[in-house]
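Following: one structure in structure tokens, then a few remarks.
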Amino acid sequence: MSGVCARGGRLAMLAVLVMTLAGCSVLRSSERTLSSMTYPPRVESLMGEQFAEEIEQEYPVVHDDVADAWLTRMGERLVDYSPSTSQQFRFQFVDSPDVNAFAIPGGYCYVNIGLVLFAENEAQVAAVVGHEINHVTRRHGILSLQRARGIQTAGDLFATQVTSGAAQQAARATANAGGYLAMRKFGREDEHEADYYGVRAMYGAGYDPREAVRFFEKLHGLQGGNTPSFLERMMATHPATQERVDRLEGLVAELDLTVPLTVNSPEFRTVQQRLRAKLTARTN
Ligand SMILES: [Zn+2]
């Protein structure tokens, strides 16, 4: 009986391994030195759910029918023009005057009200949201978590999923919003990649990509010894250096700018007004 169980157990483990291998993604070449495997999208979604629960306790989400519909429409268009992903995106506003946005594994994308109020037009918001979406499509967050957990081989990955008994438990064990947010300062290569796909996504969605350059030029002009507090987090995670502005200009120069491009929509000012009225948090 125990032999049958052991064999059954081995078969079950083999099935899990096969499923795990089938669900794994091949990483881009730079990551192959670290590993040829990553968490399957299913585990990423579960981790995202756990992160989102914790994040939304710390960062109050605010809802406004008109603004939510505007953001979701814009976000979904940007996703359509980004590399494909199995993650389902969800876009929400955070009651914060800080100029920032972030997206976590699983496709949860948070946009601070402060970003929409600071932006001069819709295309500038799309530039930041498109960048964040592509941290998810390129799996930067989940890979960073994987590195942090010391998962370097398919065997390690297999062990974390089998020994924890279920993907849900693995997700719960790993999920820690504070820890995730603390480490979510991506490396230069990830930032470049998110810029590359972000600029292409906004362009594909019909936005003028020159607004991405203008947005970071504006940030660049404001930073320095007296960076305003509402820009601090954005600057910490996305330094608006001259090099970055130049690189964005290079990306834009590769695109045909003679086609019709949008900078703003008639709704943008209305959305700004509605969100301003919703903002209760204040900069200290
Ligand atoms: Zn980034």
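Points worth noting:
- Sorted by Cβ density within 10 Å, fewest first, the residues Tyr81, Tyr39: Tyr81, Tyr39
- Neighbour counting of Cβ atoms within 10 Å sorts the residues Glu249, Glu191, Glu243, fewest neighbours leading, into Glu243, Glu249, Glu191.
- Per-pair calculated FRET efficiency, R0 = 22 Å: Arg73 and His192 via Cβ, rounded to 0.05: 0.20
- Gap separating the Cα centres of region 39-98 and region 216-232, nearest whole Å: 26 Å
- Cβ-based exposure ranking for Ser45, Ser96, Ser265, Ser84, in which fewest neighbours within 10 Å come first: Ser84, Ser265, Ser45, Ser96
- Packing-based ranking, highest mean first, of 231-242, 97-108 given that Cβ atoms within 10 Å are counted: 97-108, 231-242
- Under-5 Å amide H pairs with Tyr207, H placed in peptide plane, nonlocal only: Thr262
Every read-out reported here was derived from the displayed coordinates using simple, explicitly stated rules and does not represent laboratory data. Since this is a predicted model, take the numbers as computed values, not measurements. All Cβ positions, glycine included, derive from the backbone under ideal geometry; neighbour counts span all protein chains shown.
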